[in-house]
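**Q** What follows is a structure written as C-alpha cells; I'll ask about it next.
The values are calculated or read from the model by the stated rules, or taken from the named source; none is laboratory data. The structure displayed is predicted, hence computed values, not measured ones. Methodologically, a virtual Cβ is constructed for each residue, glycine included, from the backbone with ideal geometry; neighbour enumeration extends over all protein chains shown.
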Amino acid sequence: MTAHTTGHVAGHTTGFVLAASRVATPKEMVLDAFVKVEGGTVREIGRGVPSADGLPVVDLGDVIIAMGASTDSKVNRMRFLDHDYAAIADYELLRTTVDTAAELGKKVEVGNVFSADLFYSPQTQMLDVLARMKVLAIEMELAGIYGVAAEYGARAMGILTVSDVIPTGEAASAEERQTTFHDMMQIALETAHKL
C-alpha cells in the first residue's frame, strides 16, 4: 500500500509518501498529489532493500538517504523524450537531512538507490550489477518522484529504512515494519521542521 499526504510543516507546504508495498504501484497515481504542490517539498519515506554484498553494508533497520535513483522503468524517459534523466534529490533537502541525522546521532548511509518495477525481479543477476555500481537499496518510487518533482518545480528527497535483505532472505515482520522505523520518521520530521 502506498499512502501520501500533503500539509504544512513550519510554514512550508510539504508532502510525504509512505511507500510500503510489495507490488508495483502506478507511479503517476502516487505522485498526483504532488503535481499540485507547485514549489512545495516532496519526501518519500519508505522502505529499501540492500542491493547485495556491496559497500557500504546495510542491514535490516538501517536508514538510507537517497541522493539519486536509477530505474528499470521508462517513467522518466517518457517525460525526457526517451533520453536518460539523472533522477536526483534536491540538494538543500539532502544536505539538511544528512545534517539533521548527524545532530540526532542517527547513523545513515547516503547514496544511490534503484527504483524497480518489480520488487523481487526475475533478473537475479541485477543484484550483482547494483552492488558493482554501489547502489545501496532497491525501492519502487523514487526515480519517478524525482522526475515529477523536477518537471513541476517541487523539491524531493527520499529517506528509506531497510526492511528486507534479498540475498539472505532476512525480512522485517509486518509488526516491525509498523513499529521500528522510528529513526527514519524522526529524521524526516526534524528535517521538515528546519525547512
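**Q** Restricting to segment 149-169, and then to whatever is of a type in the set (A, V, I, L, M, F, W, C) and either in contact with a Phe, Trp or Tyr (Cβ under 7 Å, 6 or more places away or on another chain) or not in a strand (DSSP E or B) (or both), can you tell me which residue is farthest from THR191 (Cα to Cα)?
**A** ILE166
**Q** One residue is enough: does segment 54-61 have a residue meeting the conditions in contact with a strand residue (DSSP E or B) (Cβ under 6 Å, 6 or more places away or on another chain), modelled with pLDDT of 95 or more and either crowded, with 16+ Cβ neighbours inside 10 Å or among the aliphatic types (A, V, I, L, M) (or both)?
**A** No, there is no match, as no residue in segment 54-61 is in contact with a strand residue (DSSP E or B) (Cβ under 6 Å, 6 or more places away or on another chain), modelled with pLDDT of 95 or more and either crowded, with 16+ Cβ neighbours inside 10 Å or among the aliphatic types (A, V, I, L, M) (or both).
**Q** Limited to segment 98-116, what total is found for residues that are in a helix (DSSP H, G or I) and either at pLDDT below 95 or farther than 19 Å from ALA137 by Cα (or both)?
**A** Here the count works out to 5.
**Q** Which of the residues spanning segment 129-148 are part of a strand (DSSP E or B) and among the acidic types (Asp, Glu)?
**A** Hit for segment 129-148 is GLU139, nothing else.
**Q** Further, regarding this structure: What number of residues within segment 117-128 are free of Cβ contacts under 8 Å to residues at least 60 places away in the same chain, part of a helix (DSSP H, G or I) and surrounded by fewer than 15 Cβ atoms within 10 Å (Cβ to Cβ)?
**A** 0
**Q** What is the one condition in (1) at pLDDT 95 or above; (2) surrounded by fewer than 20 Cβ atoms within 10 Å (Cβ to Cβ) that ASP32 does not satisfy?
**A** All conditions are met except number (1).
**Q** Only one of (1) part of a helix (DSSP H, G or I); (2) crowded, with 21+ Cβ neighbours inside 10 Å; (3) at pLDDT 95 or above is not met by ARG95, so which one is it?
**A** Unmet for ARG95, out of (1) part of a helix (DSSP H, G or I); (2) crowded, with 21+ Cβ neighbours inside 10 Å; (3) at pLDDT 95 or above: (2).
**Q** Restricting segment 98-116 to residues that are of a type in the set (Gly, Ala, Ser) and closer than 21 Å to LYS194 by Cβ, which is surrounded by the fewest Cβ atoms within 10 Å (Cβ to Cβ)?
**A** Among them, the one singled out is GLY105.
**Q** Also: Select from segment 76-96 the residues that are within 19 Å of VAL135 (Cα to Cα) and in contact (Cβ under 8 Å) with a residue 12 or more places away in the chain and list them in ascending order.
**A** Of everything in segment 76-96, those that are within 19 Å of VAL135 (Cα to Cα) and in contact (Cβ under 8 Å) with a residue 12 or more places away in the chain turn out to be ASN76, TYR85, ALA86, ALA87, ILE88, ALA89, ASP90, LEU94.
**Q** Another one. Which of (1) surrounded by 18 or more Cβ atoms within 10 Å (Cβ to Cβ); (2) modelled with pLDDT of 90 or more is the odd one out, the single condition GLU151 does not satisfy?
**A** Every condition holds for GLU151 apart from (1).
**Q** Output the residues belonging to segment 69-84 that are under 19 Å from LEU136 (Cα atoms) and surrounded by fewer than 18 Cβ atoms within 10 Å (Cβ to Cβ).
**A** ASP72
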